[in-house]
Amino acid sequence: MKKIFEELTNKTVLITGASSGLGEQIAYEAARRNAKVILCARREDKLKEIAKKCSTLSNAGSDYLPLDIADFQDVEDKLETIDAHYPKIDVLVNCAGFGLFENFIETKFEETVNMFQVNVLGLMYITQKIAIKMAEENSGHIINVASQAGKMATPKSSVYSATKFAVLGFSNSLRLELKPLGISVTTVNPGPINTNFFDIADPSGDYLSSMGGLTLNPTKLAKRIVNSMGTYKREINAPFIMEFGSKSYLLFPHVGDLLASTLFNKK
């Protein structure tokens with residue numbers, strides 16, 4: 001398979017949503033491969049702690065910048081700071097995002113706007129800025145963390161699923177646009193991951209416990225994602241049963257509706 005680069009040593013990897021969960025684990029795994037990691041999220045105290053650990057794992061060092069992905073001016077300001085210290089971003093990992101598991105008719109519209117602002121518009125804004133720089137170098141890899149919810153929607157995830165369907169559609173088109181410029185676009189479509197994402201999405205904790213063996217380990221998934229860096233891999237999907245379900249949904253939509261409202265409906 002054709003690659004953009006063979007290894008991560010001294011490559012610069014920018015990760016949004018890096019203060020916890022999957023983003024944090026991607027940071028550690030990239031650092032272990034001697035990448036220079038730049039960590040971005042809102043919680044500066046957590047970023048500082050994670051960056052310190054990354055520096056012990058990597059010979060290339062690490063950096064962090066508090067960033068509100070939903071605030072376009074903040075993104076602009078922080079990217080100027082990054083440009084001043086890092087002439088090239090080799091990999092962008094868009095991991096920032098959140099969800100709320102609620103019936104749509106009970107969801108406050110402000111929450112809907114905020115979810116789109118973080119999950120979709122913020123992702124698109126920072127991606128465009130960095131893709132322009134990558135195009136100048138004729139090299140780069142953009143990894144967008146979407147969701148199996150962006151392939152097969154289930155009850156109580158209408159808004160969250162809508163944001164992830166948007167990320168998938170955006171990424172699929174962007175992949176075709178950027179490949180001639182030497183830039184790869186990969187989407188990561190996980191099912192439920194055992195992280196603090198569910199502290200907001202489902203404070204009761206019932207959803208994760210009900211999913212049992214379908215729940216993903218963030219460390220293992222992070223390794224798969226970092227393994228893909230520098231390649232033209234199209235998608236990373238997990239777990240297999242959910243990906244099978246999403247493919248069945250496309251081929252047999254009535255069966256897909258049944259699976260979505262029964263087997264995969266644990267909210």
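The values are calculated or read from the model by the stated rules, or taken from the named source; none is laboratory data. Note that the structure is a prediction, hence the values are computed from the model and not measured. Don't worry about glycine lacking a Cβ; one is built from the backbone with ideal geometry, like all the others, and counts go over all protein chains shown.
A few notes on this one:
- Residues that are charged (D, E, K, R), farther than 15 Å from L121 by Cα, modelled with pLDDT of 95 or more and crowded, with 18+ Cβ neighbours inside 10 Å, drawn from region 131-178: R175
- R43, sole failed condition from (1) basic (K, R); (2) closer than 26 Å to S147 by Cβ; (3) touching a residue at least 40 places away in the same chain (Cβ under 8 Å): (3)
- Candidates K151, K129 - the one that is touching a residue at least 60 places away in the same chain (Cβ under 8 Å), basic (K, R) and closer than 23 Å to R175 by Cα: K151
- One residue alone among G122, G97 is in a loop (DSSP other than H, G, I, E, B), crowded, with 23+ Cβ neighbours inside 10 Å, touching a residue at least 24 places away in the same chain (Cβ under 8 Å) and touching a helix residue (DSSP H, G or I) at 6+ places or on another chain (Cβ under 8 Å), and that residue is G97.
- Residue in region 48-58 that is outside any loop (DSSP other than H, G, I, E, B), over 19 Å from the mean Cα position of the chain (by Cα), farther than 23 Å from N194 by Cα and of a type in the set (D, E) present: no
- Candidates in region 1-20 are the residues that are within 15 Å of C54 (Cα to Cα) and surrounded by fewer than 21 Cβ atoms within 10 Å (Cβ to Cβ); of these, the one that is modelled with the lowest pLDDT is N10.
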